[in-house]
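Contents: one structure, followed by commentary.
What follows draws every value from the coordinates through simple rules; no lab data is involved. Predicted model only: the values in this text are computed from it and were never measured. Cβ sites come from the backbone with ideal geometry, for glycine too, and all protein chains shown count toward neighbours.
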Amino acid sequence: MATSTTDSNTTTTGTKPKTAKVTKSRKPAPAKPAAAKPAFEWPEGTKPRDLLVEFLVERCSPDQDAPAQGRPYISGDRMFTHGSWWIEWVSKKVGVEVPTRTALAVLKDAGLTAREMHFKQLGRAMAMYVGAPPAGTTNIARRVVERTGGGPRPAPSEQAAKLAEQLVRHASAKLKDMSAEERAYIVRRLARELSATK
């Protein structure tokens with residue numbers, strides 16, 4: 001039997017004090033992984049290769065500022081397009097957003113490779129897909145690329161012509177009598193004059 005002793009300051013009982021139960025917090029259940037998006041499928045009857053030809057027929061421009069207009073072009077035996085131009089067009093064409101990887105795979109399957117090119121009209125470089133245009137694009141107007149420094153070289157200056165004549169004359173008559181230094185001087189002068197006319 002439990003006894004208790006009481007005085008003016010202290011009360012003691014023989015029973016042990018009850019302790020509060022500690023409840024363990026439960027760990028939250030792991031979140032379920034998001035369902036994977038289904039792989040993109042082209043609409044039934046769609047042939048991506050044919051769409052690429054249609055894209056070029058519809059959008060290609062022979063203008064010099066075609067890149068500034070966001071339009072692909074064909075120059076000689078090469079076609080040039082930016083990936084975003086093709087992705088935007090083909091997504092509108094099929095009526096559904098085509099994933100970037102899927103759209104660019106069409107360009108790669110057509111033999112195009114990405115290459116950085118600088119356009120003076122834009123004042124910057126762009127990554128263009130370049131390669132032989134697919135069959136069915138022979139009637140598309142070609143863009144003639146303006147090149148600086150191209151075309152036939154101008155005739156040498158009169159002074160360069162005289163130096164050339166002098167060199168030939170010395171070579172035929174006095175080459176053996178000329179020192180190596182003299183020959184080198186004439187060659188340097190001739191090369192300098194010719195390079196100034198390029």
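Values computed for the structure shown
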quantity: Taking Leu52, Leu104, Leu122 and counting other C-beta atoms within 10 Å, the order from fewest to most; calculated: Leu122, Leu104, Leu52
quantity: Karplus-derived 3J(HN,Hα), 6.51/-1.76/1.60, for each residue of the stretch 71-85, Hz, glycine and proline x; calculated: 10, x, 8, 10, 10, x, 10, 10, 9, 9, 8, 8, x, 5, 5
quantity: For the stretch 87-102, 3J(HN,Hα) per residue [Karplus equation, 6.51 cos²θ - 1.76 cosθ + 1.60, θ = phi - 60°, Hz, x = Gly/Pro]; calculated: 4, 4, 5, 5, 5, 5, 5, 8, x, 8, 5, 8, x, 4, 4, 5
quantity: For the stretch 123-134, Karplus couplings with θ = phi - 60° (6.51, -1.76, 1.60), whole Hz, Gly/Pro x; calculated: x, 7, 9, 9, 7, 10, 8, 10, x, 5, x, x
